[in-house]
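K.L.:
Structure incoming, see below.
The values are calculated or read from the model by the stated rules, or taken from the named source; none is laboratory data. On a predicted model such as this, the values are computed, not experimentally measured, just so you know. Cβ coordinates were reconstructed from backbone atoms using ideal geometry, including for glycine residues, and neighbour counts include every protein chain displayed. Protein only, heavy atoms only, side chains kept; ligands, DNA and RNA dropped before computing areas. Shrake-Rupley method; radii C 1.70, N 1.55, O 1.52, S 1.80 Å.
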Amino acid sequence: LQGLPVLFKHWLKNEEVEEGRTAVLFCELTKPNAHVEWRKGDTVLQTSDKYEIRQEGTRVELLIYDAEAQDA
């Protein structure tokens, strides 16, 4: 089982949120604690005042604080 690829059980989907609120994006994977990179275009997102990345088991979340139009 170690060699099996990580697949999506629940794909990322578009979310709408009011400006100034927190947007939450998430996906579900077939393997727990798999390495995941969140990207906006070519930029890899890192945990900061703007972004929080959470991973618990097979669920991976990206929180975008104080969402703005340019976060689309």
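K.L.:
First compute the accessible area of segment 9-72 with a 1.4 Å probe, then give the percent of it belonging to carbon and sulfur atoms.
P.N.:
Whole-percent figure for carbon plus sulfur exposure: 45.
K.L.:
Could you tally the net charge around Glu68, taking each other residue with its Cβ under 14 Å from the Cβ of Glu68, Lys/Arg +1 and Asp/Glu -1?
P.N.:
-3
K.L.:
Continuing with the same structure: Measure off 7 Å from each Cα along the Cα-to-Cβ vector at Asp49 and Asn33, then give the distance between these two points in nanometres to one decimal.
P.N.:
3.3
K.L.:
Can you tell me, using C-alpha contacts under 8 Å and at least 6 residues apart, the relative contact order of the chain as a whole percent?
P.N.:
34
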